[in-house]
Each structure stands twice: as structure tokens, then as C-alpha cells.
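Worksheet for the structure shown next.
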Amino acid sequence: MERVFAIRGATGAENTAESIRNNVCEMCLKLFAENGLAQKDFVSIQFTVTDDLDAMNPAAALRKGQDQFDVSEIPLFCSQEPKVLGSPEKMIRLLVTAYMDENAKPVPVYINGGEKLRPDFAKK
């Protein structure tokens with residue numbers, strides 16, 4: 001039996017298309033692999049990005065930046081992270097909604113500076 005899970009992640013990046021593309025793809029591919037996700041499992045992928053990262057849209061980065069995982073039929077969405085005093089800069093957050101075995105334990109992925117957002121989830 002399967003159920004829908006929401007799996008979180010975050011990564012830092014510099015404000016260049018290359019950095020955004022590389023960091024988004026690394027974060028996503030790691031999350032997909034660690035959670036054993038196949039293309040058929042996805043409901044949607046949502047990104048938020050801080051306002052200081054405007055060189056590339058993270059959804060476009062995932063679509064164009066890698067060829068290991070076909071995301072062409074997965075709904076991708078991106079919005080700006082709310083600006084909150086004291087929040088880390090240059091962050092891309094991820095929310096993957098996917099079907100997994102009902103007993104699964106989703107594995108969040110916080111890398112490349114994203115660890116500071118959720119040190120309790122970051123792998124040591």
C-alpha cells in the first residue's frame with residue numbers, strides 16, 4: 001500500500017546560473033536516490049528561492065541541468081521565499097510530493113549550506 005509523502009530539502013547556491021543549476025541538481029538527485037523515487041511516484045516538485053538568487057529559476061535548472069532523471073512530466077513550480085529578518089541568504093528550498101510505501105521513512109536532504117535551516121535533519 002502507498003501513501004503520499006512530502007519530502008523537504010534545501011541547498012545554498014551562488015547567484016550564477018551554473019551554481020544554481022549544479023546545486024539544485026545535486027540536491028534533487030540525492031533526494032530522489034535516497035528515497036528510492038521513480039518518475040511514476042511524483043505528484044509535484046516545488047521550489048522556493050531567496051530574492052538574492054535571480055540568475056536562474058530552480059525548476060528550469062532541474063529540467064535543463066541534468067539527464068539522469070526525467071522530470072519532463074512532473075509538475076514543477078517555483079516561488080520566492082518570503083523575506084524574513086535574519087533568514088539565511090542564497091537558499092533554495094525544496095518540497096517533493098510523492099507516493100511511497102506507507103511504511104516509508106522519508107529522507108530529507110539539506111546540503112551546501114542548507115544544513116543551517118534544519119540541523120536536526122542534516123546528515124552529519
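The values are calculated or read from the model by the stated rules, or taken from the named source; none is laboratory data. Model, not experiment: these values are computed from the prediction. Reconstructed Cβ throughout: ideal geometry from the backbone, glycine too, with neighbour counts over all protein chains shown. The area values use the complete protein model at the heavy-atom level, side chains included, leaving out ligands, DNA and RNA. Shrake-Rupley method; radii C 1.70, N 1.55, O 1.52, S 1.80 Å.
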Original post:
Looking at this structure, is Ala13 under 13 Å from the mean Cα position of the chain (by Cα), crowded, with 17+ Cβ neighbours inside 10 Å and under 16 Å from Gly114 (Cα atoms)?
Top reply: yes
**OP:** Residue by residue through region 90-108, note down the ones that are open to solvent by 40 Å² or more (accessible area, probe 1.4 Å) and within 11 Å of the chain's Cα centre (by Cα).
**Re:** Leu95
Subject >> Boolean, Val43 is within 26 Å of Met1 (Cβ to Cβ), aliphatic (A, V, I, L, M), in contact with a strand residue (DSSP E or B) (Cβ under 7 Å, 6 or more places away or on another chain) and open to solvent by 40 Å² or more (accessible area, probe 1.4 Å) >> reply: yes
**OP:** Please give the number of the condition Phe121 fails out of (1) surrounded by 15 or more Cβ atoms within 10 Å (Cβ to Cβ); (2) more than 18 Å from Arg8 (Cβ to Cβ); (3) at pLDDT below 95; (4) of a type outside the set (A, V, I, L, M).
**Re:** (2)
Subject >> Output for region 58-89, where each listed residue is under 19 Å from Gly113 (Cα atoms) and open to solvent by 70 Å² or more (accessible area, probe 1.4 Å) >> reply: Gln80, Pro82, Lys83, Val84, Leu85, Gly86, Glu89
